Structure formats: structure tokens, C-alpha cells
1. Using the Cα gyration tensor of segment 512-570, with a ≥ b ≥ c the square roots of its eigenvalues, what is the shape: rounded (a/c below 1.5), prolate (a/b larger than b/c) or oblate (neither)?
2. Quick one: 3J(HN,Hα) in Hz for segment 186-202, Karplus 6.51/-1.76/1.60 with θ = phi - 60°, rounded, Gly and Pro as x.
3. Find which of Asn364, Met283, His263 sits farthest along the positive direction of the dipole of segment 261-398, computed with +1 on the beta-carbon of Lys and Arg, -1 on that of Asp and Glu, about the Cα centre.
4. According to the square roots a ≥ b ≥ c of the eigenvalues of the Cα gyration tensor, what is the shape class of segment 518-646, taking rounded for a/c under 1.5, prolate for a/b larger than b/c otherwise, and oblate for the remainder?
5. From the square roots a ≥ b ≥ c of the eigenvalues of the alpha-carbon gyration tensor of segment 160-262, which class results: rounded (a/c under 1.5), prolate (a/b over b/c), or oblate?
6. Just order 656-665, 176-185 by mean Cβ neighbour count inside 10 Å, highest at the front, would you?
7. Sorting Phe783, Phe567 by accessible area (1.4 Å probe), largest first, what list results?
8. Counting Lys and Arg as +1 and Asp and Glu as -1, each charge on the Cβ, what is the dipole of segment 440-599 about the Cα centre in debye, to the nearest 20?
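The values are calculated or read from the model by the stated rules, or taken from the named source; none is laboratory data. As the structure is a prediction and not an experimental result, all values here were calculated from the model. Cβ sites come from the backbone with ideal geometry, for glycine too, and all protein chains shown count toward neighbours. The area values use the complete protein model at the heavy-atom level, side chains included, leaving out ligands, DNA and RNA. Shrake-Rupley method; radii C 1.70, N 1.55, O 1.52, S 1.80 Å.
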Amino acid sequence: MLFWIFIFWLLHIPKFVSAFTYNISRCYFIITEEFHHEGDVVVGAFFPLHTFYTEKKMPHSTVPYVYLDNQIQYNFKNYQYILALQFAIEEINGNPNLLPNISLGFDFNVRFTEKYTLDNAFIWLTALVQRKYLPNYNCKKRNFTAALTGTSWVTSAQIGTLLQLFKFPQITFGPYDPLLSDRDQYPSLYQMAPKDTYLSLAIVSLMVHFRWSWVGLILPDDHKGNKIVSDFREEMERKGICLAFVKMIPGTWTSHFAKFWEHMDETNVTIVYGDVDSLEGVMRNIEQRLLTRNVWIMNIEHHVIDRADYFMLDSFHGSLIFKHNYKQNFEFTKFIVNPNKYPEDIYLLKLWYLFFKCSFADINCQVLNNCQTNASLDIFPPHIFDVFMNAESTSIYNGVYAVAHSLHEMTCQQLQMQPYENGEGMVFFPWQLNTFLKDIELKDKWSLDWRQTIDTEYDILNLWNLPKGLGLKVKIGSFSANAPQGQKLSLSEHMIQWPETFSEIPQSVCSESCKPGFRKVNLEGKAICCYKCAPCGDNEISNETDVYQCVKCPESYCANKERKACFQKCVTFLAYDDPLGMALASIALCLSALTFFVIDIFGKHRDTPIVKANNRTLSYILLITLTFCFLCSLNFIGQPNTATCILQQTTFAVTFTVALATVLAKAIPVVLAFKVSFPGKIVKWLMLSRGPNYIIPICTLIQLLLCGIWMRTSSPFIDLDAHTENGHIIILCNKGSAVAFNSVLGYLCFLALGSYTMAFLSRNLPDTFNESKFLSFSMLVFFCVWLTFLPVFHSTKGKIMVAMEVFSILAFTTALLAFIFGLKCYIILLRPEENSFSHIQKKTHSRRKNFPKI
């Protein structure tokens, strides 16, 4: 790069933006722009070696196509067109196997406007048809064979309209245009340039690679522009890329078209599509506006021209250019020309005069004096003149060869039919060449085969133009439509120089990417690339950027807090090492030990009045049952299995049934003795036959029957709860039949209601150590506990539900133990004097005095 900066400073490039400068010799302007190379067969050439443009298009009042603010820019790089033409003709003329004994020449003329282009074509065609001299048009009699036109499709179409009247062969070297391929309208026109079939796919692939989803598009408002914008939209929709704006360049473009530049700052990447002629005004305007915050993606090689506005910065530095992949002709780089070798090349004279300090001879304006000894085209920097063929020059080269091969085929055919006599040269009409050109177009290696090869392949160039004027185009990648999926685009990112505004790969998005854990939500009325990011739902994840739908984790997995990944849930249950399980198990064991302690106290004091009162046997049964009630709660703690699930419900139901039946059996005898109005013999029989003692087995059998039906129809089973606790799968026992479970609970409630009723009726009856009041309180606690348990049981899930069930068992059992046996243990241990027959007799004697007589 330093070398080219040095060259740039060394060569102070003059500005040629007007038709007259006082420092330039008069010969420079009076030299005709027309020259030719003699040959037996001549190819006409219409090349745009100058760029004509106008800033405001101020029309002339009388002369059409002429503007008052005309400006002419010399495109030095386009001189390569002439060199490509001369190089191809010299190769053909020097090839003994191609057109032997026939020399090929060319006739060149350059004009600035559409009007002069048509005039020149008309004069050239008239000379061909009439084969005689016209006024002010001096030429020898030559066989005109074909016309080379370009680069603009407009110019080719206008000339083609004229040439097709005589079916005169026309070879175009500009970009491929579908309009010119219409055989009905242009039957003798042949395009050398390959189609842009895959250009939209190539550019969109680049957008996808750099994640550019919000881009602009500038293109001419013509049939090509309408076609390519449709192709771009189709490819972009397929890849999720949106157009921030589409700017159609009007035919009457002016730099003061302010509306055109609206919304240009919405994106950092803009695609510029078109040919050199249609984009000339826009490119100049972009350059003048110094739009350095844009990466320009172009399909043309923008000509870097020195200007006096800015020196260091350039709007197009860092641009990316897509061009067809051509096989370089290295022989062309050795094709060195100078004015002495081609004195008829007037344009070469001007080039030497401008850059190598030559001077025109005083007598003859076609002779140069005092030139530098080392003057040569190959010392120019690439932005002034490139020694490598560009796309148009390659098309010119191939077009000349296509004509030569067609002439060769036609010559061979003529010789077979009728050999030349008396040294007579080749005689033919130009329209006869069409038949051979069509065949060449279908099979010749220089035309269609070559086009088919490069039609699918593009080189990607990066414009290095800092400081301005450097003008290096560096190949940084390629695109091949025929390559396997995923290998079509090849880039060397480390070689890319971005516009000076960006220190890294530019971003061009309407909305920032949605990171993993979020999903895209489209905004109403906006393009699909404009969206907001919403977090994934419960137990949903997204592990990629810019997803529309989050993925739900499987049942055995759950999402992490960031919702980026699913991890397997931990299997959990109300375990003994769990703090809650450990606390409940400890309480159950302590209360069981306390119950054993009460049993031991009652066993040691079994002959005392307080133990013998209220049926000592039933007290023992109740204490043992309460012990089992405490211990059965341990079935609910620990990892469940099928056996524990069944034991949980059956032991709970049976032990509680025995406990409630025992309470009922304690309360009934008191009521029978004092409240029942049956005859005395019946009551006496019931008491003597120990009828109340049958309450326990009868009630237990009924509960066993209900449990048997439950186990038979729909027994409890192991269930998994994956939703209650995030990140955990809780193993618990499913009750199976809800009807059976509620029937068991209902039966327990029925026993409790009966026990409460009997205890309530006997609460004030005269009895020694009457425990009816305590039985009543214990049954009230039962109702309170289970009425509280049921709604909580149905409203909670997981381990909390199991813990509530254990707590309810412990609470009710503790209430029975405390209310029924608490006071008795207090009297036995702390008030032993009240646990004596003498104390009971005194208490009974005083109660009889106060008891009313009947």
C-alpha cells in the first residue's frame, strides 16, 4: 500500500473536468477522435472513451440533446477497450490457422451523446451499404463485417435498431441485458457478457455470512432494475433479509434530487446495481456527499477519479464488488503499446501528452516530442490504467474472436463451394455472417461455453482507496453457484478493509439479535426484520439467536434460569435427609416414644383407681393404637414404592379406625348407664355381655372391607410430579381412586362424629375420673385438623402435600394422647394422693350430698 501512496504523490494527477484548460496545447483539442486499422475485413467499434455528464441538465434552447452545463470526463481506464481490440486483432492476424491470407482491421470512432452515436452509426452503415464516398467522410473501400457496441444497453439498443434493418451483425460487450436477447426485435445482436443469473444469490449469501439483515438497494428505474429487485426480494425473503429502502434512479437524474437521499442513514449496507452509464450520476453524488458510514455492495468496478473536494477520505473505500470470474489473459499484460508503434491511435497520443510531459510538434499534431524515455502504460497505478483485462475488455476480446471464427467457417465453406479466382479476395454480405455467429454462439469456446463457465462464478473484490486515489481492488473471496451447499461462498475476512468509520465488521440490522433465551416477536406494520425480543415461556428454551419459537423441555428436563438449555431434573421426594422430612420423622419418633412412656406408666400403675377407671383394657388398646398411628406416618417419608404407597393408606385408615372405635367404645357405656331409657334388664345385659367391646372389631372390619374394595379397584401407585418444583421431579404416591380415598375419610369422619356425640352426651354425668369432656375435645380437634387438611391437601402439590398429610396424622394423634391421657399422667406422677381409694370415697360422698334426689 505504501508503494501506491508514493506513486500517488509522485503522479500529480491533473483534473480534466472541462472542455478547455489554458495549460493544454491547441493540438489536444483539434485532433480528430476517429482512427482505424487497415484490414481486408473491418470490425466497427463504438467505445465510450469519454464520460459526458451534466450536473443540473440545463437544456439548450434550440439544440436537442445538448445541455448548457456539459462536462466531459476522460475515462483513462476505458482506453483498455482499444487495447483489447488491437490485441485480439494482432493475435488473429498473426495466427496462420485462423483466417489465413485475410487480415482483420477495425474502424474506431468515439462520440459523447446519444445523438452523435446514432450519427456515427448511420454514417458507418451508409458507407457499408452504398460502398462509395460520402461528403466529408474519407475512407477506403473495406469489407465491414460486424459492429462492437457498448457499454450501455441503451446505446446498443439504439444502434441495434438501425443495424437490424440490414441484419448487420452486432456484438455487444456491455453487461448482459435480457431486452437485447429478444430475437424478434434484435435478430442479429449477440451479447458476449454472461448473464447475472446468480448475482442476487451471491450478494444475499454475503449478507447471510455477515448477518446483515437490514440493507438498502439502489438501482436504475428500468426493466433491468425491475427484474433484479424482484430477484433480490425473492432471495432475501428466503434468507430472512429485509430491504430498508429501494431507491430507483430516475432517467432524469440530477444531484439536486433531494428526496432520493431520504432514509439513507437507516442502514449501514447498501446494494448498488446497474451499469456504469446508469449509475454515473449517483456514484458522483455519493462521492461528493462523503458517505463513509456505508458499505457499498456493487456489481460494477467503480472508476476512482481524482477530485479536489477531499484528499484522504473516500465514500467507496471498503466497498465490495461482485464481478464475473474471468480467466486472466496474461499475454495481454505483455502487450505494450506506444505512439511510435501505433501512430494512428490518436487517443494514445493524448494519453502520452497528458502524463509523460510530451509536446506536440509545431507542424504535425500527430507527432510527439520531448517524451520521457521510460514512458509506458504499465507504470500507471491501477486506478488510472489497469494492465489486467476487465469484464468489458474480455468481452471485446471474445467478441473479436467470435467474429474471426465465424469468418473462418464462412471462408472455408465458400472455398469448398467456389474457389477464389484471379486473386479475388473474400466477397460476402455481412448478414451472411449471422448463420455462423449463431453456431459459434452455441458451441464455440470463446462465446457460450465460456459464458456458461463464468455465469455461476463471481470474484469478490474489496476496494482499498485510503488515501483517496489509491484505487486498489483486492480479491478477498469468491462465489460459486455449483459448489456444494455451505461451500458456495469463500471469504478471507482478514484481508477486508472496511470503511474508515468501522473498526470491525459493520452491523446492519433493524433490531438487535435476540440472544439465546429469547424469541423474536414481530412488530405490527413493520418488516419481519424489525422485532422485539421476548423471553421464552416457562420450561422453554432457545439455544440459538433470532428464533421465532422457543422449544419446550421434555417432562424429565427443565430450563435453566437463563432459559438457554434444558437440564435433567433431580428426582426428589420427602426424604429423611430432607430438613422437612427429618423434622417430621423426628417428631413422629418422639411422640411414639412418649406414647410408650405413657403405656409404661399405665402398666406400672395398672391397679390404681385412675387407670382402672373408664375401662383399663380400652385404654391400653388406645395407647397401642396411637403408637401405631405415630409410626404409620413414617410410611409417608422416604422414597415411595408400590408397597409403601399401599401401606400408607391402609395402615393410616385401619389404625385411625381402631383409635376412633376405641374412643366410641369408651363413651357408649357411660351413656348406656345414665342416659338410655331402655329397661334395666337390657342395659344390664349389654353391660354384662361386654357388648361395647365388639364396636372395635366391627368398625375395623368395615374399614378393612372399604380398603379391600379400594385396593381391588384402583390401588395407589407411584406418580411423578414434574411441575411443582422447578428443576425437580417429585416422586409421590397417587391415591388411585379419589372416590375410594374420600370414602375412607368419610367413614373416619362418621366414626369421629359418633364418638363426639357419645362423649358430648356423657360429659356431665357422675363418674369417677370422667374423661368424656376430654374425648369431646379430642374429637373437636379431629374435625378441625381434617377440615383444614382437606382443602390444603387438594390445593398443594409435591412434597408439601405429603408433609401436610403427615402433619395432620401427627396433630390428631397428639390431640388424642394429650387430651385423654395427659391429665391422668399428671395425677399419677405429680398428684399421687388423688390416685387413692380414700380420696375417691371422700369425693364420691361429697358428690352424693350435692346430687339432687329423684
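1. Details: a/c = 3.51, a/b = 2.71, b/c = 1.30.
Verdict is prolate for segment 512-570.
2. For segment 186-202, the Karplus-derived couplings read 10, x, 10, 9, 10, 9, 8, 6, x, 6, 9, 4, 9, 5, 4, 5, 5 Hz, x marking Gly and Pro.
3. Looking along the dipole axis, the top candidate is Asn364.
4. Values: a/c = 5.58, a/b = 4.69, b/c = 1.19.
It is prolate, given that a/c is not under 1.5 and a/b is the larger ratio.
5. Numbers: a/c = 3.26, a/b = 1.66, b/c = 1.97.
The shape class here is oblate.
6. The peptides rank, most packed first, as 656-665, 176-185.
7. On the way: Phe783 50, Phe567 90 Å².
Descending accessible area places them as Phe567, Phe783.
8. Working: 17 positive and 19 negative charges, 39 e Å.
Result for segment 440-599 is approximately 180 debye, rounded to the nearest 20.
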